[in-house]
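Comments concern the structure below.
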Amino acid sequence: MIYTIPEIIEHNAKLAPDKAAFRFDESDLSYADLWCKMNQLAHTLVENGVTKGDRVGIYIHKSIKTPISIYGIMQAGAAFVPLDPLMPYDRLVSILNDCDIKHVISEKSKSSYLTKAAAETPLTCVIGVDEVAEVETAIPWSAVFAGESKKVLSGAVSQDLAYIMYTSGSTGEPKGIMHTHASGLAYARISSDVYNLTPNDRLSNFPPIHFDQMTFDYFSGPLAGATTVIIPEEYMKFPASLTELIEDEKLTVWYSVPFALIQMLLHGAVEERDCSSLRWVIYGGEPFPPKHMHALQQLWPQVTFSNSYGPAETNQVNVYHLPAIEADQTDQIGIGVLWHDTHGLIVDDNDDPVAAGDEGELLIRTSTMMQGYWNRPELNAKAFFFRERKGGLVERYYRTGDYVKQLEDGNLLFLGRKDRQIKLRGYRIELDEIEAALVEHPAIAEAASYPVLRSSNEKIIEAAFVLKSGENVESADLRKHLMGRVPKYAIPESILQLEDFPRTGSGKINRKELEKIRSAV
């Protein structure tokens, strides 16, 4: 029986040692090699002070060392913390401090950031680099792989912390979502079952590891004994490279945000590629325009298409196997039904269940749910709803903040957010965070950020600002200002100067009206 996530690899290393667990840039990493190397990394971490429950950062671009880092950290009894390699420096420092991260797995290209961060954070050890100025210990990969290859006994149990996934916070401070081995394994087991994964499958790993969809590629695939093909980051800029990869690698299961699939459809020469190996395409993170889904279904008739819904706090817990989409369909595609081992409530503003078919906030209780937010008791107090049942049993639900209604066929229809969070190309973005960062500029009096729906059905983010009296600033300067404060994917496509904002009756900025005006442009 598998109780912790690293035991997935141990099991497969015995069952199918030569089978490719991961593949990157035409190089394979077998289950036996992964088991050996992850234990070598775990041994190095423990030798250098990592103990059970510690947090270890992964600050690298995707490569064959990514799964070694993920599994090696957990094998050492620690929790891995994915760090976006493109994140602003201030955010990097914030996470290192918030999580008390002393050990980071990184690469030479990040040495300057790590050198600077060493003076402001607990960082003392970097693995993957020969030398980092100001850091006490730097250990190259060659030294890691020259070490002991015997099994490291981590002592981890199912309820121990396995990883912390950071996402945007409305105050500008990132928040860490804590998942245990139990919640990660529960997701891997259920999703592997839902999508009928087998050792013959070849999965795509499209997202970076700081994106919650990665758990499917790195946990569910290996649990089924499948091969996961890690897609190089540069491929994401060239849709034709993605369709070529599907053909060359004979991928059977694809999982990404809708944007990637739409780009392949429009610019990837899909009709010129043999994608007959594909049997399942999964998307999630944002709605899929029906007209584009219809076109893909026509091009890939052998494929089952599924929407996967679920916040990072619960992993993906909703699935919708799409029927045939008509060419002229304009109705929004549903987000699905809660999968097994998951229970949902749709409640009104008083937390009372709504009548069948009525709108309300979706609450979720599931074995795949997070333990809570790291070091954020005030958020944890707001995030959960507790319901007492007969016999004194107390059930814990996560408040998704998503408004939904249940259709007659049981599927849920997404209606919007309770707060000002949006998803863009699969990333969770707090509009309040963008506004808070803009107002930090000394020339800005007020700022607003809002989504705009283009005529092509593509959603973008815009921002607008009002200057302080006597001040002046260029939009280019504001973009530069934001680069150091919010992730690159959260920077608005345009930043407009206004004389004043539309206002509500109480004088507040009327963001809904602003959004409406700009969407009509």
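General remarks:
- In terms of surrounding Cβ atoms within a 10 Å radius of their Cβ, Thr243, Thr215, Thr51, Thr124 rank from fewest to most as Thr51, Thr124, Thr243, Thr215.
- Taking other residues whose beta carbon is less than 14 angstrom from the beta carbon of His340, and scoring Lys, Arg as +1 and Asp, Glu as -1, yields 0.
- Taking each DSSP H run with n ≥ 4 as -39500 (n - 2.57) and averaging over every residue of the chain yields -8000 deg cm²/dmol at 222 nm.
- Label-point separation, Lys52 to Ala445 (7 Å along Cα→Cβ), nm: 5.9
- Relative contact order for region 3-50, counting Cα pairs under 8 Å that sit 6 or more residues apart, in percent: 30
- For Glu408 and Asp351, the difference between the fully extended length at 0.36 nm per residue and the C-alpha to C-alpha distance is 18.3 nm.
- Computed lengthening from Glu234 to Ser142, 0.36 nm per intervening residue step minus Cα-Cα distance: 30.5 nm
- Range in the chain, longest, excluding exposed trypsin sites (Lys or Arg not before Pro) [loop by DSSP; at most 11 other beta-carbon atoms within 10 Å]: 151-388
- For Glu247 and Asn97, the difference between the fully extended length at 0.36 nm per residue and the C-alpha to C-alpha distance is 49.6 nm.
- Simple spin-label estimate for Glu326 and Asp130 in nanometres, 7 Å along Cα-Cβ: 6.6
- Normalising the average separation of contacting C-alpha pairs (under 8 angstrom, six or more residues apart) by the number of residues puts the relative contact order of region 268-352 at 28 percent.
- In loop segments of region 67-138 as defined by DSSP, the GluC sites (Glu not before Pro) with at most 14 further C-beta atoms inside 10 Å of their C-beta are Glu120, Glu131, Glu134, Glu136.
No value in this document is a laboratory result; all are computed from the given coordinates. Keep in mind that this is a model prediction, so the values were computed, not measured. With ideal geometry, Cβ positions are generated from the backbone for all residues, glycine too; neighbour counts draw on all protein chains shown.
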